[in-house]
Amino acid sequence: MTSSSGASRRQVLAVAAAAATAPLLAGAPAEAKPKQPKTWDLTILGTSDTHGNVYNWDYYKDAEFDDSKHNDVGVAKLATLVNQIRAERKGRATLVLDAGDTIQGTPLATYYAKQEPITSTGQTHPMASAMNILKYDAVTLGNHEFNYGLPLLATWIEQLGFPALAANALNARTGKPAFLPYVIKEVKLGGHGAPKLRVGILGLTNPGVAIWDKGNVEGRLVFADMVATAAKWVPEMRRRGADLVVISAHGGDSGTSSYGPELPNENPTALIAEQVPGIDAILFGHAHNEVPEKFVTNLTTGERVLTSEPSKWGQRLTRMDFTLAREKGRWTVTAKSATTPTPTPWSRTRRCSRPYAASTPRPSSTSTGSSPGPAWSCPPPSRGTRTRRSWTSSTTSRPRWSPRPSPAASTRACRCCPSPPRSAAPRCSRRATCASATWRASTCTTTRWRR
């Protein structure tokens, strides 16, 4: 039957049903977007191959260090950059690591190892003092740490306020690690209520020590393959709760060795990244190259491992930045990158216009080495028109260094503070005298103390 308008009953019912459901369809909510997880960040700063360079100083020329590229050197220079990054990241986690070759390489380091060894004097090694001030979180032993024998190395390690790592240096008799293999640090990723992250740091030293320092380690230590050692310890660190695994390795990334096949690979960093699953990043050294950022794909997992090398002598600082998210109780790295910023250079033009004792730490066991290491003094006067650099730090100063007097003569030595009586004070070089208990502006141009 049809209506008077010619429409069938079926058509009328279909139109009515459509009209009834239209409001329901119009009111249906759009498909909700998945909620993005909250992210957190972590920064790891790294040094390597500082080689006894506490200061920006060339001891052989007795002058401020400078090269054709106008690089500066020294942990004191790095301190400005490290403190700047920490200040920028205040309230957020920042770790500082070193990849080895620390206590050898300058006359300053040699003096505390040979002339007045820390094993005999009880003095704190300048590199230990400087690194303690910077509050390093861990250091890996480099091959040059073994140059002066195991007793001196043990003494230096005792002076550190943080762990020294070398997982592949094994006791020759027991086959067990002779040094701490790794450390897991729990860091807070922000302010109040922020979650904590467990960062595993594995240290690997260079197998070449077995031949380069044979006289010091033969029969006492053996050095295992760095790749095999990483494959052993990385899963163990993960099992013990490490959310992020970083390796600090004293070996380059070329995959080659300067010695024959009788020892494990000297420069296996890229091989470690390729062959050992579970590694997030590798700070490496030994080759003295600047590698700001290099990714190596792990052959097992397909994950990209971040690697970086900060040149040598404190000329560069590796900065690794990680972005992390926590889902279902597990941390994942959503982004990572690395750079090698340069410490801000010294001024070559600023003159000392006030007593440095008021603004600069003096040598002591709690600053950058006990007297007599390098004595603190002011930067030298301007040299001609060399004005390319700008002064950035009043907390570090130019070193002046001369051998320490014998214990019998120590009371007659020129000291910054306190000074001996004027009648008992020996003559100091140039315009400096020992008459004052503090530095005076008129005596800031001294270049070295004499007995």
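Numbers for the structure displayed
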{"item": "Per-region count, region 88-106, residues more than 16 Å from Asp41 (Cβ to Cβ) and surrounded by fewer than 17 Cβ atoms within 10 Å (Cβ to Cβ)", "result": "0"}
{"item": "Leading residue by the ranking (surrounded by the fewest Cβ atoms within 10 Å (Cβ to Cβ)) among those in region 316-335 that are outside any strand (DSSP E or B) and at pLDDT 95 or above", "result": "Leu317"}
{"item": "Condition met for Gly278 (part of a loop (DSSP other than H, G, I, E, B) and either out of contact with any strand residue (DSSP E or B) (no Cβ under 8 Å at 6 or more places or on another chain) or more than 24 Å from Val333 (Cβ to Cβ) (or both))", "result": "no"}
{"item": "Boolean, Ala231 is more than 22 Å from the chain's Cα centre (by Cα) and surrounded by 15 or more Cβ atoms within 10 Å (Cβ to Cβ)", "result": "yes"}
{"item": "Selection within region 137-153 - over 24 Å from Glu116 (Cβ atoms) and part of a loop (DSSP other than H, G, I, E, B)", "result": "Asp137"}
{"item": "Looking only at region 112-146, and only at residues there that are among the charged types (D, E, K, R) and touching a residue at least 40 places away in the same chain (Cβ under 8 Å), the one that is farthest from Met226 (Cα to Cα)", "result": "Glu116"}
{"item": "Only one of Asp280, Asp253, Asp243, Asp213 that is buried (at least 17 other Cβ atoms within 10 Å of the Cβ), closer than 30 Å to Asn71 by Cα and among the acidic types (Asp, Glu)", "result": "Asp253"}
{"item": "Pairs where the first residue, in region 310-327, is closer than 26 Å to Glu64 by Cβ and the second is among the charged types (D, E, K, R) and not in a strand (DSSP E or B), C-beta under 8 Å, 6+ apart", "result": "Pro310/Arg316; Ser311/Asp49; Lys312/Asp49; Trp313/Asp49; Gly314/Asp72; Gly314/Lys77; Gln315/Asp72"}
{"item": "Any hit, region 154-161, residues being among the hydrophobic types (A, V, I, L, M, F, W, C), out of contact with any Ser or Thr (no Cβ under 7 Å at 6 or more places or on another chain), in a loop (DSSP other than H, G, I, E, B) and at pLDDT 95 or above", "result": "yes"}
{"item": "Test for Ala194: is it outside any strand (DSSP E or B), in contact with a Lys or Arg (Cβ under 7 Å, 6 or more places away or on another chain) and of a type in the set (A, V, I, L, M)", "result": "yes"}
{"item": "Unmet criterion (only one of (1) of a type in the set (D, E, K, R); (2) more than 23 Å from Gln104 (Cα to Cα); (3) in contact with a Leu (Cβ under 9 Å, 6 or more places away or on another chain)) for Arg220", "result": "(2)"}
{"item": "In region 175-186, the residues that are of a type outside the set (Ser, Thr, Tyr) and either in contact (Cβ under 8 Å) with a residue 40 or more places away in the chain or part of a loop (DSSP other than H, G, I, E, B) (or both)", "result": "Gly175, Lys176, Ala178, Phe179, Pro181, Val183, Ile184, Lys185"}
{"item": "Selection count, region 251-267, where residues are touching a strand residue (DSSP E or B) at 6+ places or on another chain (Cβ under 8 Å) and under 15 Å from Thr307 (Cβ atoms)", "result": "3"}
{"item": "In region 162-174, the residues that are surrounded by fewer than 22 Cβ atoms within 10 Å (Cβ to Cβ), touching a strand residue (DSSP E or B) at 6+ places or on another chain (Cβ under 8 Å) and not in a strand (DSSP E or B)", "result": "Phe162, Pro163, Ala172"}
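Matching residues to (1) modelled with pLDDT under 65; (2) under 26 Å from Asp98 (Cβ atoms):
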| residue | (1), (2) |
| --- | --- |
| Ala19 | yes, no |
| Leu24 | yes, no |
| Thr39 | no, no |
| Asp49 | no, yes |
| Asp62 | no, no |
| Phe65 | no, yes |
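The values are calculated or read from the model by the stated rules, or taken from the named source; none is laboratory data. Everything quoted here is computed from the prediction, not taken from an experiment. Virtual Cβ from ideal backbone geometry, glycine too; neighbours counted across all protein chains shown.
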